[in-house]
Amino acid sequence: MITQVLTAAFLTAFLAAGIRVAVPILIAALGEMVTQRSGIINLGIEGIFIIGSFTGFTVAYFTKSLFLGFLLGGIAGGLFGLLMGIVSVRFLANQIVTGLGFWIMCGGLAKLLVRTILGIDKYSASSDFNIPRLESLSISYLSKIPVLGEVLFNQNIVVYLTLLSIPLFVYFFKYTRMGLNIDATGENPRAADAAGINVGQVRMLSVTFGGILAGLAGAYLPLALYGVYTDDMAVGLGWMAIVVVPFGKWRPWGILAGSMIFGAANALQFRLQNMNFPLPYQFLLMFPYFVTLIMVILFSRGRSSPSALTKPYFRSEH
Amino acid sequence: MAESIRELHPKPWKQWIKRISDANWISTVLVVLLAFLVGGLLILAIGGDPLRAYLVLIKGSFGNRNGFAETIVKTCPMLLAGLSVAIALRTEFWNVGAEGQIYAGAVLTGLASIYIQGISAVIHLPLALLAGALGGGLWAFIPAILKARLKVNEVITTLMMNYIMTFIFSFLVDGPMRDWVSGLNISPQIEKTTWLPILLAKTRLHSGILIAILAAVVLAVILRKTVLGYQIRAVGGNTRAARFAGIAVENTMVKAVIISGMLAGLAGAIEITGVQHRLIAGFSPGYGFLGLAVALLASLNPIGVIFSALLFAALLNGADAMQRWASVPIAMVAVIQGLVIIFSAIRFFFNRSTLKRKAGS
């Protein structure tokens, strides 16, 4: 068994799958990072993820266009991000309650709509509802490198774009006015307000942006990974994204590293199941959640968290 | 000195727990009406008839003897889950793990009521229920101690422990505790001595509801009349002030969360001894998560939880009829549940005078 695990073929397949699974976590986590750096925690990510999966799948199913699937998945996610923003910024609601409420509501909404739009009876034969998956795009020379080529340069376009966006996020927070405003808002909203930053607006935009990315991440599952839609498709990936943010200390590269660990945990579980690994399958399925638990224990909210995280801001009269 | 005075008068967002426990019943009714209104619009949007759907829902949950009995049967675990979430939240602990604690309770109840045999029901039934409470309490103790000692975020830990417990449960009924005769992934039937007596003949209405109501009353008394209750209310009202007053905040929280887990575990135990009579994966349709909406709607008030549990039980029970007779998918329950939670979160905004007064301090 061990010899079977340690072959180059297994390793290549495992790492390639690891990246493919890590990407949706990474996309959602980058969005959540922006949201949290503005001072809002969005615990509804898992729900928005499900909305993104549902919208992406349904649109792609009817229009036969994966691009439109991603686009509308992102828009739907942004819409729920905006709603979350209105509730938590304008109505100063407790962000934990709101987030949990959005998670439960969105899950129900996707279930409700998938049955109404695709039909309750028809949906039970889910094998009829297939869409072509996003094809991988191998980069001609680089993909020929042993192991590394297959792992890094024979992926789909979304994987490349996501990985390439990481330096952009770094640049955005370091050098652009908007990036600096987001950090100011998350660290000290009162000072930011005094400096003329519209705190409410910055936070609204950040939550909406986080929603868009969570929607895209959700759309990735049916469009790039599975080609079908199921109710419990998100399987906690949204929650993993939330854990990855403090693990990566609210920095893009750290979040990349964290997402890879989760991707690897998920991929390993898949691979071992396929190999009839001598452990009850329930323990293999449990593995990613167990890793999440350990990660959140080891890398809890430390000093580097935005100071005003979860605290609503409003101008007092004096 | 100025600093410490300011700390004793916390910012309004920190007063959240206090504000929710002071909420009045008018805002509660408004939250429900608003959630059903938005839900109705949604039914309209998917081409249904909201009035008809809600009528069918009420008929399904209260219209006849059996419907009524089933509503009460579902009230029972929901009430206990609501109490579980409420007591933990009183100390600012977000127990999103009641679902896992329900299953943990069911496991120990299963062990106690399948493998212990030949003792009198007078001892066996309480033993089985106690085992359930113990299971839930133990499963809740882990995230509680992690938060108290290491400040680990309990939303994530309790949630992940739900997934983990679900898989452990599914492993148990698929392996060690499986009833191989049945050919299904279920445990053997529990001993008859642990079955909860039926209250209403020819229905599934069992005496668990009496235990659940008793638990609500006991919890209300604990909160109002005991030292622990005083400490819990102090911690929820204002953590810093409680600390200044010499209350061991973390200790109080851990105690509250253990009680919380025990209540959820008891819900699992009652569901096994009262309804299922064996361990079955997926026996809870998310009672633990519904507990969150139940508790928030009831403003974390134990007696209020009885009524909000009844409302959600009726919703869950009537949803079946709604799907069959008005073609509105059962998932509508989750949507309304989420809306209730969201509206519960924003209802204090409209009480702006309090908010401004507190912001000024």
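The values are calculated or read from the model by the stated rules, or taken from the named source; none is laboratory data. Computed from a predicted structure; not experimentally measured. Positions of Cβ are generated from backbone atoms using ideal geometry, with glycine treated the same way; all protein chains shown enter the neighbour counts. Just the protein is used for accessible areas: all its heavy atoms, side chains included, with ligands, DNA and RNA removed. Shrake-Rupley method; radii C 1.70, N 1.55, O 1.52, S 1.80 Å.
A search for C-beta distances below 6 Å between a residue of the range B:163-178 that is within 19 Å of B:Gly288 (Cβ to Cβ) and within 7 Å of chain A (Cβ to nearest Cβ) and any residue that is open to solvent by 40 Å² or more (accessible area, probe 1.4 Å) and at pLDDT below 95, counting only pairs 6+ apart in sequence or on different chains, returns B:Phe167/A:Leu285; B:Ser170/B:Ala281. Residues of the range B:277-303 that are surrounded by fewer than 20 Cβ atoms within 10 Å (Cβ to Cβ) and in a helix (DSSP H, G or I): B:Ile303 alone. Here B:Arg204 passes the criteria (1) closer than 19 Å to B:Ala298 by Cβ; (2) outside any helix (DSSP H, G or I) except the one numbered (1). You will find that of B:Ile5, B:Ile20, the residue that is buried (at least 22 other Cβ atoms within 10 Å of the Cβ), at pLDDT below 90 and not aromatic (Phe, Trp, Tyr) is B:Ile20 and no other.
Out of all the residues in the range A:26-48, which are within 14 Å of chain B (Cβ to nearest Cβ), of a type in the set (A, V, I, L, M, F, W, C) and in a helix (DSSP H, G or I)? Residues satisfying the conditions are A:Ala29, A:Ile45, A:Ile48. When A:Leu134 is tested against (1) surrounded by 17 or more Cβ atoms within 10 Å (Cβ to Cβ); (2) within 14 Å of chain B (Cβ to nearest Cβ); (3) at pLDDT below 90, just one condition goes unmet, and that condition is (2).
Summed over the range B:281-303, the residues that are more than 14 Å from chain A (Cβ to nearest Cβ), more than 13 Å from the chain's Cα centre (by Cα) and over 20 Å from B:Ala69 (Cβ atoms) give a count of 1. The set of residues in the range B:148-163 that are over 16 Å from B:Phe289 (Cα atoms) and either surrounded by 18 or more Cβ atoms within 10 Å (Cβ to Cβ) or touching a Lys or Arg at 6+ places or on another chain (Cβ under 9 Å) (or both) comprises B:Ala148, B:Lys151, B:Val152, B:Asn153.
Give the range A:279-293 a look and list any residue that's of a type outside the set (A, V, I, L, M, F, W, C) and not in a helix (DSSP H, G or I), or say none.
As a first pass, look at the range A:279-293 and keep what is of a type outside the set (A, V, I, L, M, F, W, C): A:280-282, A:288-289, A:292.
Hit for the range A:279-293 is A:Pro280, nothing else.
A:Ile261 falls short of the stated requirement of being at the interface with chain B (Cβ under 9 Å from one of its Cβ atoms) and within 25 Å of A:Gly211 (Cα to Cα).
The one condition from (1) out of contact with any strand residue (DSSP E or B) (no Cβ under 8 Å at 6 or more places or on another chain); (2) surrounded by 15 or more Cβ atoms within 10 Å (Cβ to Cβ) that B:Val73 does not meet is (1).
For the condition surrounded by fewer than 23 Cβ atoms within 10 Å (Cβ to Cβ) and under 19 Å from the mean Cα position of the chain (by Cα), what is the one hit in A:Leu66, A:Leu30, A:Leu11, A:Leu71? A:Leu71 is the lone residue from the list that is surrounded by fewer than 23 Cβ atoms within 10 Å (Cβ to Cβ) and under 19 Å from the mean Cα position of the chain (by Cα). For the range B:120-132, the count of residues that are under 17 Å from B:His277 (Cα atoms), touching a Leu at 6+ places or on another chain (Cβ under 6 Å) and away from chain A (no Cβ under 14 Å) is at least one. Taken together, the residues in the range A:224-239 that are among the hydrophobic types (A, V, I, L, M, F, W, C) and surrounded by fewer than 24 Cβ atoms within 10 Å (Cβ to Cβ) amount to 4. In the range A:183-219, the qualifying residues are those that are in contact with a Lys or Arg (Cβ under 9 Å, 6 or more places away or on another chain) and at pLDDT 95 or above, and the one that is nearest to A:Ile25 (Cα to Cα) is A:Ser206.
Among helices (runs of 4 or more DSSP H) lying entirely in the range B:19-90, which contain 2 or more residues that are under 18 Å from B:Ile342 (Cβ atoms) and touching a residue at least 12 places away in the same chain (Cβ under 8 Å)? Break it down into steps so the answer makes sense when it comes.
Numbers: elements: B:25-45, B:50-62, B:65-89.
So the answer is B:25-45, B:65-89.
Residues are listed down the side, and each one gets a yes or a no for (1) open to solvent by 10 Å² or more (accessible area, probe 1.4 Å); (2) on the phi < 0 side of the Ramachandran plot; (3) part of a helix (DSSP H, G or I); (4) aromatic (Phe, Trp, Tyr):
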site: A:Leu205; (1), (2), (3), (4): yes, yes, yes, no
site: A:Leu213; (1), (2), (3), (4): yes, yes, yes, no
site: A:Pro222; (1), (2), (3), (4): no, yes, yes, no
site: A:Ala241; (1), (2), (3), (4): no, yes, yes, no
site: A:Phe262; (1), (2), (3), (4): no, yes, yes, yes
site: A:Leu272; (1), (2), (3), (4): yes, yes, yes, no
site: A:Phe277; (1), (2), (3), (4): yes, yes, no, yes
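Considering the range A:145-188, the qualifying helices (runs of 4 or more DSSP H), each wholly inside and each with 1 or more residues that are open to solvent by less than 80 Å² (accessible area, probe 1.4 Å) and among the aromatic types (Phe, Trp, Tyr), run over A:157-175. Can you find even one residue in the range A:121-129 that is surrounded by fewer than 22 Cβ atoms within 10 Å (Cβ to Cβ), touching a strand residue (DSSP E or B) at 6+ places or on another chain (Cβ under 7 Å), hydrophobic (A, V, I, L, M, F, W, C) and more than 14 Å from every other protein chain (Cβ to nearest Cβ)? Within the range A:121-129, none of the residues are surrounded by fewer than 22 Cβ atoms within 10 Å (Cβ to Cβ), touching a strand residue (DSSP E or B) at 6+ places or on another chain (Cβ under 7 Å), hydrophobic (A, V, I, L, M, F, W, C) and more than 14 Å from every other protein chain (Cβ to nearest Cβ). Checking each residue in the range B:304-332 for being open to solvent by less than 10 Å² (accessible area, probe 1.4 Å) and either free of Cβ contacts under 8 Å to residues at least 60 places away in the same chain or at the interface with another protein chain (Cβ under 9 Å from one of its Cβ atoms) (or both) picks out B:Val328, B:Pro329, B:Met332.
Comparison of B:Ile145, B:Ile156 shows that the only residue that is in contact with a helix residue (DSSP H, G or I) (Cβ under 7 Å, 6 or more places away or on another chain), within 13 Å of chain A (Cβ to nearest Cβ), in a helix (DSSP H, G or I) and without any contact (Cβ under 8 Å) to a residue 24 or more places away in the chain is B:Ile156.
Scanning the range A:46-63 for residues being surrounded by fewer than 24 Cβ atoms within 10 Å (Cβ to Cβ) and among the acidic types (Asp, Glu) gives a total of 0. Restricting attention to the range B:321-347, the residues that are closer than 13 Å to B:Asp49 by Cα, in a helix (DSSP H, G or I) and not hydrophobic (A, V, I, L, M, F, W, C) total 1. Looking across the range B:207-241, the residues that are of a type in the set (Ser, Thr, Tyr) and more than 19 Å from B:Leu196 (Cα to Cα) come down to B:Thr226, B:Tyr230, B:Thr239. Quick one: would you say B:Thr226 is modelled with pLDDT of 90 or more and open to solvent by less than 10 Å² (accessible area, probe 1.4 Å)? The answer is no for B:Thr226.
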